[in-house]
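Working notes, structure below.
The values are calculated or read from the model by the stated rules, or taken from the named source; none is laboratory data. Treat the numbers as computed from the prediction; the structure is a model and nothing was measured. Cβ sites come from the backbone with ideal geometry, for glycine too, and all protein chains shown count toward neighbours.
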Amino acid sequence: MHPVLEGLITLLKLERIEDNIFRGDSRDIGSAQVFGGQVLGQALSAAQLTVEGRVAHSLHAYFLRRGDIAAPIIYEVDRARDGGSFSNRRVVAIQHGRPIFNLAASFQNPEDGLEHHADMPEVPGPEGLRDLFDIPAENLESVPMKMRRFLTEKRPFEFRPVEHISFTEPVTQPPVKHCWIRAVDALPDNLALHQNLLAYVSDYELLGASVLPHGLIFGSGSVIMASLDHALWFHRGFRVDQWLLYAIESPNASGARGFARGQLFTESGVLVASTAQEGLIRVVEPQSRKSRSDPRLQV
């Protein structure tokens, strides 16, 4: 297996300390704090380790504080309910004695029922599209060093955007984006693993749709962005080692917050998951950013 993808799978496999307490490490992807998708995937993994025979169908999470890349994360699971068909788990992620994240996840016994789903947008397929992070060296020279490190970090997923994305020139666009995503290598037939990996990757690209109409570039120093909450619904089984279209739109930005929602479709047009997220978006003078403390603690 591709070493970066194998490393991510290892990252999502938590160490059990007690029946309901787990420990996870962190991975530096070039950001200033722990990537939110990592905490999502690990928290879902912790919840899954306390449930038998049921499949996750939804999760709702809040980001409370920025995560420290250099420290492990402790996950405490509350087995809130085990009913006849559904189980609910509450998870708190802790670093340095303080909660940095909490999550509620619901699990269901698989069963048949009514079937319908939204149509997939009519966009080009992934073949022939360029990877988001396949950036010519001459273009990287004009990108700030911090952003350059983020863009050149090896990733466990391929990202092939349908619309053009510029990391150097401010461009005003509608608050809509479509991106094909796929793990860089084949994976085992394990739905829980595929759900963990989708939770991880669902935090990429989502909030960025909120700044598209305003011509702002993440990493330029002119905007502070941080996820505040994240919701994810699993509708059907899927594989993240096969192409999924992430269709994202941002219907609103106000009050220094952006709101975005997304849908994930298979290449054949089947809707397999939906997401929603609200995040902090503050426009600042580039030179003033260094003097600000963690934006997640200022909300």
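Within the range 204-218, does at least one residue satisfy the condition of being more than 27 Å from E115 (Cα to Cα), aromatic (F, W, Y) and under 14 Å from the mean Cα position of the chain (by Cα)?
yes
Before we move on, is I73 on the phi < 0 side of the Ramachandran plot, at pLDDT below 95 and either touching a Phe, Trp or Tyr at 6+ places or on another chain (Cβ under 6 Å) or buried (at least 20 other Cβ atoms within 10 Å of the Cβ) (or both)?
no
Among the listed residues A118, A192, which satisfies the condition of being modelled with pLDDT of 95 or more and touching a helix residue (DSSP H, G or I) at 6+ places or on another chain (Cβ under 9 Å)?
The conditions single out A192.
With the condition being within 22 Å of E111 (Cα to Cα), I'd like the strands (runs of 3 or more DSSP E) fully within the range 1-88 carrying at least 1 qualifying residues.
In the range 1-88, 55-63, 73-82 are the strands (runs of 3 or more DSSP E) which contain 1 or more residues that are within 22 Å of E111 (Cα to Cα).
Which condition number in (1) out of contact with any Asp or Glu (no Cβ under 6 Å at 6 or more places or on another chain); (2) β-branched (V, I, T); (3) more than 17 Å from L191 (Cβ to Cβ) is the one that I29 fails?
(1)
In the range 20-52, what residues are more than 21 Å from S227 (Cα to Cα), in contact (Cβ under 8 Å) with a residue 12 or more places away in the chain and of a type in the set (D, E, K, R)?
If the condition is that a residue be more than 21 Å from S227 (Cα to Cα), in contact (Cβ under 8 Å) with a residue 12 or more places away in the chain and of a type in the set (D, E, K, R), then R23 is the only one that fits.
Would you pick out the residues in the range 65-84 that are of a type in the set (D, E) and closer than 26 Å to I29 by Cα?
D68, E76 - these are the residues of the range 65-84 that are of a type in the set (D, E) and closer than 26 Å to I29 by Cα.
Quick one: D229 ticks every box in (1) touching a strand residue (DSSP E or B) at 6+ places or on another chain (Cβ under 6 Å); (2) among the acidic types (D, E); (3) modelled with pLDDT under 95 except a single one, so which number is it?
Single failed check for D229: (3).
For the range 78-108, enumerate the residues that are closer than 19 Å to V272 by Cβ and either among the hydroxyl-bearing types (S, T, Y) or exposed (fewer than 14 other Cβ atoms within 10 Å of the Cβ) (or both).
Across the range 78-108, the qualifying residue is only S106.
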